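The values are calculated or read from the model by the stated rules, or taken from the named source; none is laboratory data. Treat the numbers as computed from the prediction; the structure is a model and nothing was measured. All Cβ positions, glycine included, derive from the backbone under ideal geometry; neighbour counts span all protein chains shown. Protein only, heavy atoms only, side chains kept; ligands, DNA and RNA dropped before computing areas. Shrake-Rupley method; radii C 1.70, N 1.55, O 1.52, S 1.80 Å.
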Amino acid sequence: MPKVVVLGSGPAGLTAALYLSRANLAPTVLEGLEPGGQLTTTTDVDNFPGFPEGIMGPELMERMKAQAERFGTTFVLDEVTEADLSQRPFKLTTSMSGTLEADALVIATGASARYLGLPNELRLRGHGVSACATCDGFFFQGQDIAVIGGGDSAMEEATFLTKFARKVYVIHRRAELRASKIMQDRAFANPKIEFIWNSEVTDVLGEGKVAGLVVRDLEQDTSRTLDVTGLFLAIGHTPNTGPFARWLGHDDQGYLVTAEGSTRTSVEGVFACGDVQDTIYRQAITAAGSGCQAALDCERWLEASH
Ligand code: NAP
């Protein structure tokens, strides 16, 4: 039986695994560094069909995993550090289980939160700097904190953080939000949220933990210190293509490119689904849908080529 390996365990990877296992292909899923993917850092998911009352992100992912497991998927808590896709079987070096071979590969490695890249921001990650409000918001009870970004994530995180924080500043580099109207309105209506427009964070202050931010007003070209104890980044994501980027066609932002109307990548036998190849929709349901497509594409390709 051809060996099929799925990389990633978010909605795309788990749906691909479900379909592949139901096709008796007994896939192996390398779960990656964040098993369950981005939804495990979310609370209520209200837009995944089939759950009229909503479902918590981690529970949704546990259910998807159990469903794939039921039909014979093997899960391995590991990540790929190097890949050789020059010939089949493909060779994958992982951080814990050594080398793995695959006749077909489904890449569903998702995307990771972006940081500003400031030295002190990096140093204070986990000590007041976070890219996951739902994971860390609880630790900021009664405190003043800041969120950077102007998209839906920034609005969602800022609104969520007001459950804990005394005040949430939203620092945005422009005077207009990118977020959808409904999310904007919700944030504007929240008395605990204050917007700081046309501004960027140039430094994060504090020794052992965040004690403030240096915020530069881009219009006035002036800087000031903002007294906050937490900084949440919500400035988008970068696709996780590390070991594959050199082998597979990708766009200038690193997202894997698939053939129109398919999940086929530039290498035969390698399929991509979910956020690692999606620059537009990036939803759990679209990721799951593309995981299904990848499994069907993979199954048909295996039938034709083996
Ligand atoms: P996004 O829409 O790409 O927004 C990123 C924001 O960060 C933008 O406002 C951008 O500013 C800002 N930004 C980017 N790089 C920056 C930098 N270096 N310094 C300062 N600011 C920076 O990302 P997102 O909010 O994560 O959303 C991604 C996708 O998921 C979207 O399609 C969104 O609709 C969706 N989403 C939906 C929901 C929901 O419906 N519940 C929740 C979250 C996300 P500019 O505006 O100036 O470019």
In the range 105-130, anything assigned to a loop (DSSP other than H, G, I, E, B) and farther than 27 Å from residue 291 by Cβ is listed as 115, 116, 117, 118, 124, 126, 127, 128
Taking the range 243-254 and keeping residues at negative phi, more than 11 Å from the ligand (Cβ to nearest atom) and touching a strand residue (DSSP E or B) at 6+ places or on another chain (Cβ under 8 Å) leaves 243, 244, 247, 248, 249, 250
Per the filter on the range 265-306, residues within 17 Å of residue 250 (Cβ to Cβ), charged (D, E, K, R) and open to solvent by 50 Å² or more (accessible area, probe 1.4 Å) are 268, 282
Tell me whether the range 104-120 contains one or more residues that are without any contact (Cβ under 8 Å) to a residue 60 or more places away in the chain, away from the ligand (no atom under 11 Å from the Cβ) and surrounded by fewer than 18 Cβ atoms within 10 Å (Cβ to Cβ). yes
Heads up, the strands (runs of 3 or more DSSP E) in the range 135-254 (entirely inside) with at least 1 residues that are surrounded by 22 or more Cβ atoms within 10 Å (Cβ to Cβ) and in contact with a Ser or Thr (Cβ under 8 Å, 6 or more places away or on another chain) are 144-148, 167-171, 212-217, 230-233, 237-239
Within the range 145-190, the residues that are within 24 Å of residue 216 (Cα to Cα) and without any contact (Cβ under 8 Å) to a residue 12 or more places away in the chain are 188
From the option list 272, 234, 211, single residue qualifying as under 19 Å from the mean Cα position of the chain (by Cα), farther than 28 Å from residue 88 by Cβ and among the small types (Gly, Ala, Ser) is 234
Whether any residue in the range 58-72 is at pLDDT 95 or above and within 16 Å of the ligand (Cβ to nearest atom) is what I want to check. yes
Exercise. Somewhere in the range 271-282, is a residue at positive phi and within 16 Å of the ligand (Cβ to nearest atom)?
Worked result: yes
Counting only residues in the range 1-40 that are open to solvent by 40 Å² or more (accessible area, probe 1.4 Å) and polar (S, T, N, Q), the one farthest from the chain's Cα centre (by Cα) is identified as 24
